[in-house]
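K.L.:
Below is the structure I would like to discuss, written out as structure tokens.
The values are calculated or read from the model by the stated rules, or taken from the named source; none is laboratory data. In this text the structure is predicted, and so the values were computed from the model without any measurement. Note that each Cβ is placed from the backbone with ideal geometry, even for glycine, and that neighbours are counted across all protein chains shown. These area figures cover heavy atoms from the full protein model, side chains too; ligands, DNA and RNA do not enter into them. Shrake-Rupley method; radii C 1.70, N 1.55, O 1.52, S 1.80 Å.
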Amino acid sequence: MVIELAVAMLACARIGAMHSVVFAGFSAESLATRIVDANCKVLVTADGFFRGSKTINLKKIADKAVTLSSTDGVKVTSVILLEHLKRVTVPQGAVLPKNEPLTDKDFLYETEMQKHADKESSVEWMQAEDPLFLLYTSGSTGKPKGIQHTTAGYMVYAYMTMKCSFDAKPDDVYWCTADCGWITGHSYLLYGPLMNGLTGVWFEGVPLHPNPSRIWNIVDIYKVNKLYTSPTAVRALSALGDKWVKETSRSSLQLIGTVGEPINPAAWLWLHKVAGEENCAIVDTYWQTETGGHMITPLPGATPTKPGSATFPFFGVNPVLLDAEGRQIEGPGEGNLCFDRAWPGMLRGVYGDKERFMKTYFAPFKGYYCTGDGARRDEDGYLWITGRVDDLMNVSGHLLSTAEIESALVAHANVAEAAVVAAPHDIKGSFPYAFVTLNVGEKLDAKLIGELKQLVRDKIGALAVPDVIQEAPGLPKTRSGKVTRRILRKIAEGCDTGLGDVTTLVDESIISELVNGRNRLG
Ligand code: WT7
């Protein structure tokens, strides 16, 4: 997360080349897959970086990816290497990686910049529908999809949503904690903020390092008035207690936005009451890599909010809820969230795979863009995202939302995070199996299990009560912070091995801890 990354992305846009940013936490194999799929010619990278006290040797990963992709016949002709490590302070406990030798493909970023310092590159004028970039997102079936966005439509949409959802003004000091490797980093860290002409904060680091006050300290140092972050970060922070927040001023803050997953009412309220001190607009923005920008979001100061609801659609967006047969649900109800017309920021394709593009988004419900999410409309017309439809479970013929049960569990003061999956059951078909991460110092005893079951019973109904509640020291998450329920489902099913691809997880070791934990349950 360095300024040269923004420079590289914008330089691509200027010469009319598509950029395809790959999150630096990915393995060489994942990088190679993306290089090969898009037939990339140039790789811009850095020698390495620190993540907390961990050292990542990026050059080594990049070299391996270039070699791997060449065996697949794809030729990366040059690698632009930023020497980042020599200019940053080595954090306590971290070690500098061994210097990787330069190859004949490597060009040093600094040297190349100096060589061309007095020259200006001309602008390659693009057509509105010409591609601006690709961004890979995981598909439900294996291979990642190269989501293709256009020059004009994408930028108009990033600009406009940023302006309205965050009430963007030139005087703002705005900080989005996302990484540029995800769409949030594209739309609301680079393109949106620059087009709105405000001051943006770019942060290279982790929110909990060196301590859980980090986010709020940065807010205070730069007088950040608008902050955009994720529910995962919020839950992680709130689990550690209010002390870390209360030690800071946050007097500049006016707005806190979230994105990435449903924000449970408890986390929403913590933002509102504790972090925001009831002085900030809380903006829960629902959208996807594919949508380019916000689709369902409150407008700060204008939309009366309800904790946990992304509220209403953005201008020009028309969400519909469809039942399994594709019939529109009118009024209050729950169904498949689809959009019935195009919008400027909509993806224009899955790179090199038109069939997959049509199949994934337009085949499930003819005439609609299908999000793959479920949503509920309440009696006031507010929309509540219930989670991926593939995370729905059928218990005794009743459809339950895993997100809804999780939300009930995390409403307990001792619970930091919860993930619920469907486990097979002889009579009911399946039953809810819950993994819960408790706040520091808490333990899952019979009393707490009883309270948790009661909470679910109270909030949803007896039918949603998890038959099994297992304590989880942590949940398996992808680097974008998504809980990989497919692995939890396997663990709940009783599998010890054959859990599927675990290489995209932040921490693989959590898997064996969870398997052991389950075996201890008997
Ligand atoms: C999926 C898209 C959009 C940038 C980050 C994620 C979930 C996203 C919300 C929200 C409930 C949300 C959906 C969606 N999601 N925002 N505010 N409330 N769910 O991009 O990786 O393409 O993921 O994230 O399930 O389909 P992505």
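K.L.:
Let me confirm something: among Gly522, Gly461, which residue is out of contact with any Asp or Glu (no Cβ under 8 Å at 6 or more places or on another chain), open to solvent by 80 Å² or more (accessible area, probe 1.4 Å) and at positive phi?
P.N.:
Gly522
K.L.:
Any idea how many residues of the stretch 184-231 are within 19 Å of Ala281 (Cα to Cα), away from the ligand (no atom under 14 Å from the Cβ) and assigned to a loop (DSSP other than H, G, I, E, B)?
P.N.:
Number of matching residues: 4.
K.L.:
Give the residue, chosen from Gly331, Gly374, Gly326, that is within 13 Å of the ligand (Cβ to nearest atom) and not charged (D, E, K, R).
P.N.:
Only one candidate passes the filter, namely Gly374.
K.L.:
Being of a type outside the set (D, E, K, R) and within 16 Å of the ligand (Cβ to nearest atom) is the filter here; which residues of the stretch 345-361 pass it?
P.N.:
Answer for the stretch 345-361, where residues must be of a type outside the set (D, E, K, R) and within 16 Å of the ligand (Cβ to nearest atom): Gly345, Met346, Leu347, Gly349, Val350, Tyr351, Phe357, Thr360, Tyr361.
K.L.:
Return the total of residues in the stretch 439-466 being closer than 22 Å to Ala236 by Cβ and of a type in the set (Val, Ile, Thr).
P.N.:
Qualifying residue count for the region: 1.
K.L.:
If you go through the stretch 102-115 one residue at a time, how many are open to solvent by less than 90 Å² (accessible area, probe 1.4 Å) and assigned to a loop (DSSP other than H, G, I, E, B)?
P.N.:
2
K.L.:
Another question, if that's okay. With the requirement that a residue be modelled with pLDDT under 95 and either among the acidic types (Asp, Glu) or open to solvent by 30 Å² or more (accessible area, probe 1.4 Å) (or both), what does the stretch 244-274 give you?
P.N.:
Of everything in the stretch 244-274, those that are modelled with pLDDT under 95 and either among the acidic types (Asp, Glu) or open to solvent by 30 Å² or more (accessible area, probe 1.4 Å) (or both) turn out to be Gly260, Glu261, Pro262, Pro265, Ala266.
K.L.:
Okay, next question. Keeping to the stretch 275-294, report how many residues are open to solvent by 10 Å² or more (accessible area, probe 1.4 Å), within 11 Å of the ligand (Cβ to nearest atom) and in a loop (DSSP other than H, G, I, E, B).
P.N.:
2
K.L.:
So, Lys60, is that one surrounded by fewer than 18 Cβ atoms within 10 Å (Cβ to Cβ) and without any contact (Cβ under 8 Å) to a residue 40 or more places away in the chain or not?
P.N.:
no
K.L.:
From the list Gly25, Gly16, Gly48, which one is modelled with pLDDT under 90, under 29 Å from the mean Cα position of the chain (by Cα) and open to solvent by less than 60 Å² (accessible area, probe 1.4 Å)?
P.N.:
It is Gly25.
K.L.:
Restricting to the stretch 295-313, name every residue that is within 14 Å of the ligand (Cβ to nearest atom), open to solvent by 30 Å² or more (accessible area, probe 1.4 Å) and either touching a residue at least 40 places away in the same chain (Cβ under 8 Å) or of a type in the set (Phe, Trp, Tyr) (or both).
P.N.:
Hits for the stretch 295-313 are Lys306, Pro307, Phe312, Pro313.
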